[in-house]
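Here is the structure we will look at.
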Amino acid sequence: MSDCIFCKIINGEFNTEFVYEDEYSVVFNDINPKADTHLLVVPKQHTASLNECNDEQLLGKLMMTVKTATKKLGINSYRTVINTGKEAGQEVFHLHIHILSGEIKL
Ligand code: AMP
Ligand code: ZN
């Protein structure tokens, strides 16, 4: 989607460093970290939120990416968060999984 900030990041428009990338997703640091380590797992395919996503395979892949990326980065203990809907605090309407580790300020 052309006006979606995460699609722009995926397309390399902001030169964002990907700490992990696979066929389905990219992982990068949150610009406004709420923890010592705050990563976002973002599917390459645009979907507004979990409510709009019916792709079971993609959802499984994203959870596996959480495991693979954290393992690769040496993160053993972490919290995952998916904000779904404005009232729940979703600000970017491109599905993503937060990974929070270390001291968490949520
Ligand atoms: P959510 O509230 O679940 O939609 O989370 C969106 C997250 O995206 C927030 O934690 C923001 O800090 C983060 N964010 C917004 N813009 C950027 C960006 N350009 N690069 C990295 N993270 C971003
Ligand atoms: Zn998008």
* Asked: Roughly how many Å² is the accessible area per residue of the chain, as a whole number, for a 1.4 Å probe?
  -> 61 Å²
* Express the relative contact order of the chain as a whole percentage, based on alpha carbon pairs under 8 Å and six or more residues apart in sequence. => 34 percent
* **Projected label distance in nm at GLN57 and CYS7, using a 7 Å step from Cα toward the beta-carbon** => 2.2 nm
* In square angstrom, rounded to the nearest 10, how much accessible surface does TYR78 have for a 1.4 Å probe? -> 80 Å²
* ASP30 long-range amide H proximity, modeled H, under 5 Å -> HIS38, LEU39, LEU40
* Structure fact -> Expressed in nanometres to one decimal, the distance between label points 7 Å along Cα→Cβ at VAL19 and VAL92 is 1.3 nm
* Counting only the heavy atoms of the protein chains, how much of LYS72 is accessible to a 1.4 Å probe, in Å² to the nearest 10? -> 130 Å²
* When the helices in the chain are scored as -39500 (n - 2.57) per DSSP H run of 4 or longer and the sum is shared across all residues, what 222 nm value do you end up with, to the nearest 500 deg cm²/dmol? -> -6500 deg cm²/dmol
* Structure fact -> When the chain is treated as a Gaussian network with springs between alpha carbons less than 10 Å apart, the largest mean-square fluctuation among GLU52, GLU87, GLU21 is found at GLU87
* Asked: Shape call for segment 32-74 from the C-alpha gyration tensor, a ≥ b ≥ c root eigenvalues: rounded (a/c under 1.5), prolate (a/b greater than b/c) or oblate?
  -> oblate
* Structure fact -> Applying the gyration tensor rule to the Cα atoms of segment 52-106 (axes a ≥ b ≥ c; rounded if a/c under 1.5, else prolate if a/b exceeds b/c, else oblate), the class is oblate
* Find how much the distance from ILE31 to VAL81 grows on full extension, using 0.36 nm per residue of separation minus their present alpha carbon separation; answer in nm with one decimal. => 16.4 nm
* In Å, what Rg and Dmax follow from the Cα atoms of the chain? -> 12.9, 36
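The values are calculated or read from the model by the stated rules, or taken from the named source; none is laboratory data. Computed from a prediction, not measured in an experiment: that's the story for all the values here. Reconstructed Cβ throughout: ideal geometry from the backbone, glycine too, with neighbour counts over all protein chains shown. In case anyone asks, the SASA skips ligands and DNA or RNA and just uses the protein heavy atoms, side chains included. Shrake-Rupley method; radii C 1.70, N 1.55, O 1.52, S 1.80 Å.
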